[in-house]
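Okay, so here's the structure we're looking at.
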Amino acid sequence: MMFGRFILTLKQIRVPVEGNIGEERVPTSSPTGEAQIALRAVDGITQKRETGNVQRAHCIYPGTFDPITCGHIDVLERAARLFDRVTVAVADNPGKEPLFSAAERVAMIAPNVKGLRNVSVTTFGGLLVDFAVEKKADAIIRGLRALSDFEFEFNMALMNRHLQPQIETIFVMPNEQFSYTSSSLVKQVARYGGEVGHFVPPNVAKALKKAFAK
Ligand code: COA
């Protein structure tokens with residue numbers, strides 16, 4: 001109830017500065033203006049879901065996925081329930097020196113999303129928001145595992161909003177059993193022969209075993 005009232009109050013705020021979102025003139029250069037942009041973006045997603053026939057709400061789930069873990073899949077399943085379409089965007093980011101190539105990471109994800117009919121997987125390079133615009137996405141979805149994720153995610157979401165205000169970032173919490181999982185930890189355990197079957201799907205466990213057997 002309180003939350004609903006809070007949104008109503010924000011929607012009623014008027015500030016004198018204006019900017020453009022698509023065809024519409026809206027306030028932009030004040031904290032309340034930013035709040036309005038965020039609300040319009042969420043409204044836009046809702047409207048697309050309601051009208052359905054022309055455009056459908058589409059989100060991007062980006063990451064390095066080196067490799068994909070059960071925690072990532074948990075986020076993905078939540079995204080697939082919330083959005084009409086989800087694109088898993090594997091960052092072709094040589095800066096992170098991944099163990100697996102981008103093509104290998106896509107190939108490892110693909111069999112694990114076969115049951116999710118509204119999910120597709122691809123790679124991207126360059127700025128995430130440029131990719132999101134190119135794909136006509138409405139939102140970026142990210143998982144928040146613990147408080148320690150917050151600062152990094154917060155900065156990234158605000159920078160992305162600065163670059164493309166119409167692309168909203170949505171956060172979901174993966175199941176707590178995955179709160180301490182990360183791709184690096186899984187790789188470390190696998191490197192020294194530890195069992196990773198609880199944290200990654202079987203095809204990934206197999207690929208890790210093969211990679212570290214070399
Ligand atoms: N379950 C398990 N692990 C998870 C997880 C979950 N639900 N969510 C995050 N993680 C882990 C990952 O395994 C990864 O672990 P690692 O660091 O040990 O490898 C870590 O959290 C961060 O992973 P990820 O979510 O893949 O983020 P990232 O930092 O690797 O990638 C990008 C972030 C690719 C989305 C970002 O760098 C980007 O957008 N790059 C494009 C360039 C750009 O636009 N830059 C400007 C951004 S403001």
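Please indicate, with yes or no, whether at least one residue in region 128-140 is at pLDDT 95 or above, acidic (Asp, Glu), within 24 Å of Asp84 (Cα to Cα) and loosely packed, with under 13 Cβ neighbours inside 10 Å. Within region 128-140, one or more residues are at pLDDT 95 or above, acidic (Asp, Glu), within 24 Å of Asp84 (Cα to Cα) and loosely packed, with under 13 Cβ neighbours inside 10 Å. Entry remark, region 138-153: residues being of a type in the set (Phe, Trp, Tyr) and under 20 Å from Arg78 (Cα atoms) number 1 in total.
Would you call Phe100 touching a Pro at 6+ places or on another chain (Cβ under 9 Å) and not basic (Lys, Arg)? First the steps, then the outcome.
Details: touching a Pro at 6+ places or on another chain (Cβ under 9 Å): yes; not basic (Lys, Arg): yes.
The answer is yes for Phe100.
Is it true that some residue in region 88-100 is among the aromatic types (Phe, Trp, Tyr), within 9 Å of the ligand (Cβ to nearest atom) and assigned by TED's automatic domain parsing to the domain that holds Gln188? No, region 88-100 contains no residue that is among the aromatic types (Phe, Trp, Tyr), within 9 Å of the ligand (Cβ to nearest atom) and assigned by TED's automatic domain parsing to the domain that holds Gln188.
Evaluated against (1) within 15 Å of Thr169 (Cα to Cα); (2) loosely packed, with under 13 Cβ neighbours inside 10 Å, Gly125 falls short on exactly one condition, (1).
The values are calculated or read from the model by the stated rules, or taken from the named source; none is laboratory data. All figures in this text were calculated on a predicted structure; none of them were measured in a lab. In this analysis, Cβ positions are derived from the backbone assuming ideal geometry, glycine residues included, and neighbour counts consider all displayed protein chains.
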